[in-house]
Amino acid sequence: MKRLMISAAGLALMAGAAHAGDLTLQLKWVTQAQFAGYYVAQEKGFYEEEGLNVTIKPGGPDIAPTQVLAGGGADVVVEWMPAALAAREKGLPLVNIAQPFKASGMMLTCLKESGISDPMTDFAGKTLGVWFAGNEYPFLSWMNTLGLSTEGGEDGVTVLKQGFNVDPLLQKQAACISTMTYNEYGQVLDAGLTPEDLVTFKYEDQGVATLEDGLYVLEETLQDDAKVEDLAKFVRASMKGWTYAAENPEEAAEIVLENDETGAQTIEHQTRMMSEIAKLLEGSDGTLDEADYQRTVDILLSGGSDPVIAQAPEGAWVPTVTDRAFQ
C-alpha cells in the first residue's frame, strides 16, 4: 500500500511538471502585426528555448481581454492601460508586468478640406469619430484640456461613435476620425486619399497619449513564484521576438499571415503595419517606465466631471517580472 501511495504521489508530481511552462496569451485584437512579436517568438522557437509552451489566442470586436483573464481563459493579456486601470478600479485586480510599447499610435486623421489645421481653434463645431469600449478615454481627456464640450454645438464637438473602419471619413460623415498610425491611417490611404488630402494630430504630439499594448495578469498569479518565473521567461522571449520583428518587418508580416486564419490580411498592409509598430517600440526593453505610467494616470484622472478613474491606483504595476527577466 505504501509503495502504491508513493507511486501515485510521483505521478501527481509528474503531471504538475508537465504543465509547468504552459502559458496562454490573449491578444487585444485580431491577428495582425500589432502582435507580431509574440508570433515571431513562437515561430522562431524563442518560447521553446525558454522551456515554454505558449498558446496565442486572437481577439476581436466581441472579445474583452480583461473578461477572458477574469474568467480563467488566459494567463496574460495584451491590453491598453486606460482599460486596464478602469477595470482595476471596478474590482478586477489587473497588474501590468511589462510594457513593450513605449509610444502611442493613436491619432485623429482629418480631411484637409474641413478647414482644420489647429485643434485649439478649429475643432469647435465639427464632428469627430471616436472609438469607444475603453478607447475613448484619451480623446475625452484631450477635449477637456482644450475646453471643448463633447455634447455638440458651435462651441463643442459632436462625437460620432466610430466603428472599427474608416468609412465616416471616406463618406464625409465626420471631419476627423480616430486612426492608429499603424493601421487605419494606411486604410485611408488605400481607399484613395493621399497624405496631401489629410491633416493628422498624434496624441503623442498633443500631450494626451496614454500607454497602449502592455502585458497584464491577475494579482494572484504573482503570488506563485513558479508562475512569476514563467512570466519572466515569457517577457524575455517576447521582447526577443519584438526585436527580431522590428529588424525584419517583411518576414514578421509573413509570420503574421501564416497565423491569420481569416485570410483577411495582406502582406503589403502587414509589412507597413510592422514598420510603424517598430517606431512605437523604440526605447523599450519591455520594462514599464514609471514616468510614462504616471503621465497615463494623470491624463485619466483629468477627465473633467467624468474622469476615467476616480483616484490614483495602487499596485497597478510591478517591476517583479521584468527585473527577473533582464537581471
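Computed from the coordinates by the stated procedures, all read-outs in this text should not be read as laboratory data. Just so it is clear, the structure is predicted and the values come from calculations on it, not from any experiment. Counting neighbours? That spans all protein chains shown, and the Cβs are built from the backbone with ideal geometry, glycine included.
A compact table of results
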read-out	value
Pairs from Lys202/Lys240; Lys240/Lys279; Lys227/Lys279 whose Cα-Cα separation, in the structure shown, is over 19 Å	Lys202/Lys240; Lys227/Lys279
Relative contact order [Cα under 8 Å, 6+ residues apart], the chain, whole percent	29 percent
Cα-derived Rg over Rh, computed across segment 162-294 with Rh taken as Kirkwood radius	1.02
Magnitude of the charge dipole, the chain, Cβ model with Lys/Arg +1 and Asp/Glu -1, debye to 20	780 debye
Sequence ranges 172-178, 263-269, 160-166, ranked by mean other-Cβ count within 10 angstrom, highest first	172-178, 160-166, 263-269
The chain shape via C-alpha gyration tensor axes, a/c threshold 1.5	prolate
Mean projected area in nm² (Cα convex hull; one quarter of hull surface) for segment 96-199	7.2 nm²
Relative contact order %, segment 13-125, counting alpha carbon pairs below 8 Å whose residues are six or more apart	26 percent
R0 of 22 Å, Cβ-Cβ distance Ala226-Gln327: FRET efficiency to nearest 0.05	0.80
Contact order relative to length of segment 191-327, as percent, for alpha carbon pairs under 8 angstrom and 6 or more apart	31 percent
